[in-house]
Amino acid sequence: MGKHALLSASASKRWLSCPPSARLEEQFRDEAGGSPYAEEGTAAHALAEHKLKKALKRRSKRPVSDYHCDEMEECTDGYVAFAMEQVELAKQECKDPVVLIEQRLDYSAYVPEGFGTGDLLIVADHVLTVIDLKYGKGVAVDAERNPQMMLYGLGALELFDALYDIDIVRMAIYQPRLESVSTWEITVPELMEWVEMELKPKAVLAIKGEGEFHSGDWCRFCKAKNTCRARAEEYLKLAQMEFKAPPLLSDEEIVEVLKVADELAKWSADVYAYAQDEAVTKGKKWAGFKLVEGRSNRKYTDEEEVAQAAQKAGYTDIYKKTLIGITEMERLLGKKKFAEILGKLVYKPQGKVTLVPESDKRQEIAASTAEADFKEE
C-alpha cells in the first residue's frame, strides 16, 4: 500500500475543520487489511482507469478482482462515458488537450508534505478540469467549495500553470451508485485567495498538531472519533439543558435538539461499538457492564436432512418461492435490459415524510401534503 500524506486531500475537510486531528490520528493504528468498502473502491478505480485508457486508445491490461460484478461494470462504463464527454468539451476550447489518468498531484507548496492522486485531469488552454470518481454509496458529495477537489486543482496548477494560461479550475465528482454528478468551477484568483485566507493558516496548525478541536460531520472517518473528548463535549452539551417533557420545550430548545440529534445518535453508536470491541477483543472491563450472549433464533442443523425427514413423514409443501428484489433483478439483467423488459412494471412509491435541515437539497413539501401522507400511513 502506498504512503499517504498526513495532510491528505481526501481528509482535508477534517483537518481544515479540526486542525489538531491530523496529529491526533497518529496515535491510532490502521485496521489490518483495510475495509472491504475501501477494497471495493480500489477495484472500481482500477477498472475505470483501464476502461478510460482503452477509450483514449492507450495500452492497458484489464485488472482482475473478486469485487468485479455487473453493477461495477455499468458504473465504470458510465464514468468513462462522462469522462469522454468532458474530453470532447475540452477539445472545443483546445485542439489537443492534455488528458492524465491517476495523476500524482503535489500541492506541498501550500500544504506541508501535501500530495494526492487525481482520477482524471483535462488541461485545455484556459480551463483545467479535475474529475473524481467516488464509487461509494454512503453520502452524495458536493463539488462546490470541496477542499479535496480544490487541493487537486492546486496540484494540477503546479504542473501546468506555467505552460497554459489557465483562468478557471473546473471540478466534477461522479458518484454512479448514487446517480449523482456534482460540478463546480472557480477562478484561479479566487482559488489562491482561499489558499492564503484559509488553507495555509490551517495547514500550519494541522502539521504542528495545534489549533482547536471541532466536531462535525467530518468526524465520520476520523480514527479518534470514538474517544475524542471534543466530540463528546459537543454532544454532552444536551445534558446541560433543563429538559422538560417534549410538548413543554420551547421552539428554540426543540431546534437545538434537532440540530444535533442525528449526530448525537451516531456518536453514541460509535462509543458503544468501541466499548464492545474493547471488551470482546481485549478483555476490557467496563464498570457496570458485562458481556452476555445475544438473542438467537433456531436453525436447522442440515437443511437437506430436514427436507428428507419431512418428506418421508408425508409433508411435501415445505418450500417457498419468492421473486428476487429489484436491485438484484437489475444486476441480473443489466440496467438497459431491465428498463426494456421491466421498466413499465416498476414504480417508486412516495417517500415517507421526514423532517430534515434546510441545507438538505430535497424539495420542500407543503405542510398540508405532509399531514395527508401521515394520515394515510
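Where a number appears in this text, it was derived from the coordinates with a stated rule and is not lab data. Being a predicted model, the structure only gives us computed values, none of them experimental. All Cβ positions, glycine included, derive from the backbone under ideal geometry; neighbour counts span all protein chains shown.
Summing -39500 (n - 2.57) over the DSSP H runs of n ≥ 4 in the chain and dividing by its residue number, what mean residue ellipticity at 222 nm do you reach, to the nearest 500 deg cm²/dmol? Spell out each step's value before the answer.
Working: 13 runs with 160 residues, N = 377.
The per-residue figure over the chain is -13500 deg cm²/dmol.
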- Using a basic spin-label model with each label point 7 Å from the Cα along Cα→Cβ, how many nm lie between Cys69 and Lys266? 2.4 nm
- Message: Please arrange Arg231, Arg331 by how many other C-beta atoms lie within 10 Å of their C-beta, fewest to most.
- Response: Arg331, Arg231
- Distance between segment 105-128 and segment 276-306 - C-alpha centres, whole angstrom: 49 Å
- Number of Lys-Lys pairs in segment 218-282 under 29 Å by Cα, sequence gap 8 or more or different chains? 13
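For Ile254 and Tyr274 in the same chain, what is the full-extension length gain: residue separation times 0.36 nm, less their Cα-Cα distance, in nm?
Value of the extension gain: 4.3 nm.
May I ask you to compute the full-extension gain from Glu190 to Gln92, defined as 0.36 nm times their residue separation minus their alpha-carbon distance, rounded to one decimal in nm? List each step's numbers first, then the result.
Details: separation 98, 0.36 × 98 = 35.28 nm, distance 2.46 nm.
Additional length available on full extension: 32.8 nm.
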- Task: Treat segment 218-282 as a sphere of radius equal to its Kirkwood radius over Cα pairs and apply Stokes-Einstein at 4 °C in a medium of 1.567 mPa s; give the translational diffusion coefficient in µm²/s, rounded to a whole number.
- Result: 97 µm²/s
- Note on the structure: Distance in nm between Asp142 and Phe289 label points, each 7 Å along Cα→Cβ, equals 3.5 nm
- FRET E, pair Gln363, Val306, Förster distance 41 Å, beta-carbon r, rounded to 0.05: 0.20
- Compute the Cα gyration tensor for segment 128-232, then decide on rounded, prolate or oblate, letting a ≥ b ≥ c be the square roots of its eigenvalues: rounded whenever a/c is under 1.5, prolate when a/b is larger than b/c in the other cases, and oblate in all that remain. oblate
- Item | Under the Karplus curve 6.51 cos²θ - 1.76 cosθ + 1.60, θ = phi - 60°, whole-Hz ³J(HN,Hα) for segment 172-182, x wherever Gly or Pro sits | 9, 10, 10, 10, x, 6, 10, 6, 10, 10, 10
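Please arrange Phe160, Phe82 by how many other C-beta atoms lie within 10 Å of their C-beta, fewest to most.
Values: Phe160 14, Phe82 17.
Lowest count first: Phe160, Phe82.
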- Item | Choice from Ile318, Ile326, Ile131 showing the highest fluctuation, given a GNM over the chain with Cα pairs closer than 10 Å | Ile318
- Query: Comparing Pro63, Pro112, Pro357, which has the greatest mean-square fluctuation in the GNM of the chain with Cα pairs linked when under 10 Å apart?
  - Reply: Pro357
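Sort Ser215, Ser108 so the one with the fewest other Cβ atoms within 10 Å of its own Cβ comes first.
On the way: Ser215 22, Ser108 15.
Neighbour counts put them in this order, fewest first: Ser108, Ser215.
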- Message: Only Cα pairs within less than 10 Å get springs; with that Gaussian network setup on the chain, which residue of Lys259, Lys344, Lys57 has the largest fluctuation?
- Response: Lys344
- Task: Quick one: of Lys54/Lys91; Lys299/Lys321; Lys53/Lys336; Lys13/Lys202, which pairs are farther than 21 Å apart, Cα to Cα?
- Result: Lys53/Lys336
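Given the Cα-Cα distance of Lys299 and Glu85 and 0.36 nm per residue of separation, how much length would full extension add, in nm? Numbers along the way, then the final one.
Numbers: separation 214, 0.36 × 214 = 77.04 nm, distance 5.31 nm.
That works out to 71.7 nm of additional length.
Based only on the alpha carbon positions, what is the Kirkwood hydrodynamic radius of segment 12-208, in angstrom? Please report the intermediate quantities before stating the final value.
Numbers: mean 1/r = 0.0561 Å⁻¹.
About 17.8 Å, per the Kirkwood formula over Cα pairs.
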- Query: Please state the relative contact order of the chain as a whole percent: Cα pairs under 8 Å, 6+ residues apart?
  - Reply: 17 percent
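Roughly how many debye, to the nearest 20, is the charge dipole of the chain about its Cα centre, given +1 on each Lys and Arg Cβ, -1 on each Asp and Glu Cβ, and no other charges? Walk me through the intermediate numbers first.
On the way: 53 positive and 66 negative charges, 287 e Å.
Magnitude of the dipole: close to 1380 debye.
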- Task: Report the label-to-label distance for Ile168 and Glu102 in nanometres (one decimal), using points 7 Å from each Cα along the Cα→Cβ vector.
- Result: 3.1 nm
- Along the three principal axes, how long is the chain when you take its alpha carbons, biggest first, rounded to the nearest angstrom? 82, 59, 53
- Considering the options Leu120, Met171, Leu52, tell which one lies farthest towards the positive end of the dipole of the chain, charges being +1 on Lys and Arg and -1 on Asp and Glu at the Cβ, about the Cα centre. Leu52
